[in-house]
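Enquirer: Here it is, the structure, as structure tokens.
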């Protein structure tokens, strides 16, 4: 009887909390309907390339129904996405087959994807194109290259990729280049070489955004020193909260104020959750003595089977967003989900339909609509415009 009485007394509080949650989520959906998200990184073109059903054939990938990956049109409809940088990713380990060939194939997959669904997607090559696509009710589709290895040390190749639609390039992926140190590899130059700085200058000149996700901290600083235009981190989080080489340290976050760039916080579990990061480190320690690559993969698989993966939370993701806001400023934070590029996603955000849950969490934390609009897309759209202005000024 006493337990039943306690439950009855607690019921109004529970109902009030539920109503508050529902109101926050409703508020989030209404806001995103008016001010949709421009996300910095989605690996759908690579998923189309490698999926067993499609194998590079865009027509075979079922985007109008339920796709095998994390992105399709039914889920995009409820996502709040109005603009997307589709990553035309090429692994840094593909040297034997030629980076440029694979990069051209990835650009081809992305452009065929956009052309195949003109009722849903619209190619965007400028900030004005993004606005026009959204006014037409389509997802503004921009292209971002992930890794400067694809230019094969050629500024001519860089210029041609821009002509084909690439509007950002991540200076490195996980492999240190001839001209730039990667964050996940051995440093060889303590940042950028003279040619690396020339790459940054040329990207400024042609109007391509310099993306610093994946690079070392020294490369971040060198690129900020060299760039005349705002830079971006297309999918990185805050290193002060999770010590991961893919995250951005506070010393760099503070520099974003003067540079004018944007850090697009990513959703990857090992980047946003210390529990997840420690689990990842434990697995690496447990298998570090296995030297054969195939045997190491099998040892890691067996270890993970015996040690279930922890789950990151929406609250942990929101903590990173707020840290970037607090250190860099509200004008310098955005979102780069990394969907179809990771399986490590917060509970409830396992596919692209989960964005409203994040915005509801921020609404409950007291975020204003004006600040949510900046996070959603205004900040990255401003960066795109300012990069274009630097391009035009240099041309003049």
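We did not get these values from a lab; they are worked out from the coordinates using the rules stated. None of the values given here were measured: they were computed from a predicted structure. Here Cβ is always computed from backbone atoms with ideal geometry, including for glycine, and neighbour counts include all displayed protein chains.
Enquirer: Between residue 108 and residue 257, what is 0.36 nm times their sequence separation minus the Cα-Cα distance? Round to one decimal in nm.
Expert: So the extension gain works out to 50.1 nm.
Enquirer: Mind pulling the angle between the C-alpha long axis of helix 217-226 and the longest principal axis of the chain? Nearest 10 degrees, somewhere in 0 to 90.
Expert: 60 degrees
Enquirer: Using a 10 Å cut-off on Cβ atoms, rank the peptides 169-180, 312-323 from the highest mean neighbour count down.
Expert: By packing density, highest mean first, the sequence is 169-180, 312-323.
Enquirer: Would you please put 288-297, 351-360 in order of how densely packed they are, using the mean number of other Cβ atoms within 10 angstrom per residue and starting with the highest?
Expert: Listed from highest to lowest mean packing, they are 351-360, 288-297.
Enquirer: Follow-up question, since we're still on this one. Compute the long axis of helix 379-395 from its Cα atoms, compare it with the longest principal axis of the Cα atoms of the chain, and write down the angle in degrees, 0 to 90, nearest 10.
Expert: Rounded to the nearest ten degrees, it is 10.
Enquirer: Fewest first, what order do 131, 53, 268 take by the number of other Cβ atoms within 10 Å?
Expert: On the way: 131 15, 53 11, 268 26.
In increasing order of surrounding Cβ atoms, one gets 53, 131, 268.
Enquirer: Additional query: By counting other Cβ atoms within 10 Å of each Cβ, how are 363, 186 ranked from fewest to most?
Expert: Fewest to most other Cβ atoms nearby, the residues stand as 186, 363.
Enquirer: Taking only Cα atoms, what is the 0 to 90° angle, nearest 10, from helix 355-364's long axis to the longest principal axis of the chain?
Expert: The two axes meet at around 60 degrees.
Enquirer: Want the number for residue 50 to residue 206: 0.36 nm per residue separation, take away the alpha-carbon distance, what's left?
Expert: This chain segment gains 53.0 nm when fully extended.
Enquirer: Then there is this: Based on the alpha-carbon gyration tensor of segment 281-351 and its eigenvalue square roots a ≥ b ≥ c, which shape applies: rounded if a/c is under 1.5, prolate if not and a/b is larger than b/c, or oblate?
Expert: prolate
Enquirer: Can you give the extra length, in nm with one decimal, that the chain gains between residue 64 and residue 395 once fully stretched, where that is 0.36 nm per residue apart less the Cα-Cα distance?
Expert: On the way: separation 331, 0.36 × 331 = 119.16 nm, distance 4.23 nm.
Additional length available on full extension: 114.9 nm.
Enquirer: Here is a follow-up. Can you say what percent of the DSSP beta bridges in the chain, counting only those with both residues inside, are antiparallel? Round to 5.
Expert: 5 percent
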